Amino acid sequence: MSLPKDPAENLAALIRCPSVTPAEGGALTALEAMLAPLGFAVERPVFSENGTPDIENLYARLSGNGPHLMFAGHTDVVPVGDETAWSQAPFSAAVHDGEMYGRGAVDMKGGIACFVAALARHIESRGKPKGSVSLLITGDEEGPAINGTVKLLDWAVGRGEAWDAAIVGEPTNPDLLGDMIKIGRRGSISGLVTVHGRQGHVAYPHLADNPVRGLMTLLDALMSPAFDDGTENFQPSNLEITSIDVGNAATNVIAAKATAAFNIRFNDTWTAETIQAEVHNRLDIASGRRKYRKGRKEPVEFEVTWRDRPSHVFLTRDDKLIETLSASVKAVTGRQPALSTSGGTSDARFIKDYCPVVEFGLVGKTMHMVDERVALDDLEMLTNIYTRFIEDWFEQG
């Protein structure tokens, strides 16, 4: 049986599986077929929770004597959008002008394809690594992330698994392969502010209480002043209003209620608990202001609800992991990667509770876009980076 040494062939097999969250779409089956000739033991647990779709996941282990390296990622992808807008069919893995097209090409079937190819090359030339390698792959990263990595980690630990380090193969590079390694992430928390007013006729505002005016006062307080100026390793914390709604289609009616959803990306100045406390404090103070409610003496009546499962800020401090990966990137690309905590969240936020974790993958310019694609040269370079990293990390013991 031939080994899966060609990252382009691996990726094409994965792209051709329409694994839009929550569908497995054949992607985990394709991955299992690649891992079989490498000697991996593969399990595919399915996790469930009321109100969410069942999700099939994959955990594969190649056992050896020595440290244990995890590679983590996801085979699920976002919807293709307007399929007619694609220049190549989104699940065809067509190659045009040196690039492979397809949903998931960079986010993140490409990273998985390259890591599998790197393992195959290492095994062919040097034998099995001097330790254990596991792949922790979910089908729920692009979805609610409830029945995926967080439960797969808990399941694996319950079976006695422990890891010394992890790489998540997300597309971390903004422009060129080798630009950036993610060594941490800001925290993320979402909430909803609801202001209660009194419905009435717009021609008689003194008989009503427009909740939009109260909401404007509260949102002013959330937007300014800035939460902080940033820290040594993180950019400033930031709050964005993501929607405002009154549920009112009439033009001559003052609504009874107005809501605003918001998200905060916070740095290591804060924890999820302290940023929540700051929000409540700002709103409590602002509720007594009358900036947009002239003549109103009573405070704004409001409530705040928080979304479940905030993402906590983290920073990885593991010299062996970071320096070995950085050296591998530089050796292959000639670039010294920046060590960054920028961007959104990933499943690294769950893995960091079990072992040191960094993220490094392809260039992310086209992720989630029409005509998502990856250069074939980048697939080969990333495979070479992973191959060198596997060799060097295990050699250090």
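We did not get these values from a lab; they are worked out from the coordinates using the rules stated. Only a predicted model underlies this, so the values are computations on that prediction, with no experimental measurement involved. Here the Cβ is made from the backbone with ideal geometry for all residues, glycine too, and neighbour counts use every protein chain on show.
Any chance you could check the Cα centroid distance between the stretch 321-368 and the stretch 38-103 for me, in angstrom?
Centre-to-centre distance over Cα atoms comes out at 18 Å.
What does the charge dipole of the stretch 187-306 about its Cα centre add up to, to the nearest 20 debye, if the Cβ of each Lys and Arg holds +1 and the Cβ of each Asp and Glu holds -1?
Computed about the Cα centre, the dipole is about 880 debye.
Can you give me the pair-distance distribution of the stretch 274-397, C-alpha pairs, 10 Å bins, whole percents?
For the stretch 274-397, the binned pair fractions read 10, 26, 25, 14, 13, 9, 4, 0 percent.
Roughly how many Å is it from the Cα centre of the stretch 376-397 to that of the stretch 237-260, as a whole number?
Value for the Cα centre distance between the two parts: 50 Å.
Mind checking which of 211, 22, 270 is farthest towards the positive end of the chain's charge dipole, using Cβ charges of +1 (Lys, Arg) and -1 (Asp, Glu) about the Cα centre?
It is 211, whose Cα lies furthest towards the positive end.
Find which of 288, 221, 238 sits farthest along the positive direction of the dipole of the stretch 187-306, computed with +1 on the beta-carbon of Lys and Arg, -1 on that of Asp and Glu, about the Cα centre.
288
Let me check against my output: what whole-number percent is the relative contact order of the chain, with C-alpha pairs under 8 Å and at least 6 apart?
24 percent
For the chain, take every pair of Cα atoms, bin their distances at 20 Å starting from 0, and report each bin as a whole percent.
26, 49, 21, 4, 0
If one takes the longest principal axis of the Cα atoms in the chain, at what angle in degrees, from 0 to 90 and to the nearest 10, does the Cα axis of helix 376-395 lie?
80 degrees
Excluding residue 225 itself, what net charge comes from residues whose Cβ is under 12 Å from its Cβ, given Lys and Arg +1 and Asp and Glu -1?
For residues surrounding residue 225, the net value is -3.
Over the stretch 263-362, what is the relative contact order in whole percent, taking alpha-carbon pairs under 8 Å and six or more residues apart?
Once divided by the residue count of the stretch 263-362, the mean separation gives 25 percent.
What are the semi-axes of the equivalent ellipsoid of the stretch 187-306, taken as the square roots of 5 times the eigenvalues of the Cα gyration tensor, listed largest first and rounded to whole Å?
Each semi-axis is √(5λ); the values are 31, 14, 11 Å.
May I ask for the equivalent-ellipsoid semi-axes of the stretch 113-200, computed as the square root of five times each C-alpha gyration tensor eigenvalue and listed largest first in whole Å?
One finds semi-axes of 39, 20, 12 Å for the stretch 113-200.
Dipole of the chain (Lys/Arg Cβ +1, Asp/Glu Cβ -1, origin at the Cα centre): which of 329, 383, 2 lies farthest to the positive side?
Of 329, 383, 2, it is 329.
Per-residue ellipticity at 222 nm for the chain, helices alone: DSSP H runs ≥ 4 residues times -39500 (n - 2.57), over residue total, nearest 500 deg cm²/dmol?
That comes out to -9000 deg cm²/dmol.
Report, to the nearest 10°, how far helix 109-126 tilts away from the longest principal axis of the Cα atoms in the chain, using its own Cα long axis and a range of 0 to 90°.
Compared with the principal axis, the helix lies near 30 degrees.
Given the stretch 1-112, report the % of alpha carbon pairs whose separation exceeds 24 Å.
Looking at the stretch 1-112, the distances longer than 24 Å represent 31 percent of pairs.
If you fit an axis through the alpha-carbon atoms of helix 272-286 and take the longest principal axis of the Cα set of the chain, what angle between them do you get, 0 to 90°, nearest 10?
The two axes meet at around 20 degrees.
Could you tally the net charge around residue 17, taking each other residue with its Cβ under 9 Å from the Cβ of residue 17, Lys/Arg +1 and Asp/Glu -1?
Net charge around residue 17: +1.
Roughly how many debye, to the nearest 20, is the charge dipole of the chain about its Cα centre, given +1 on each Lys and Arg Cβ, -1 on each Asp and Glu Cβ, and no other charges?
1120 debye
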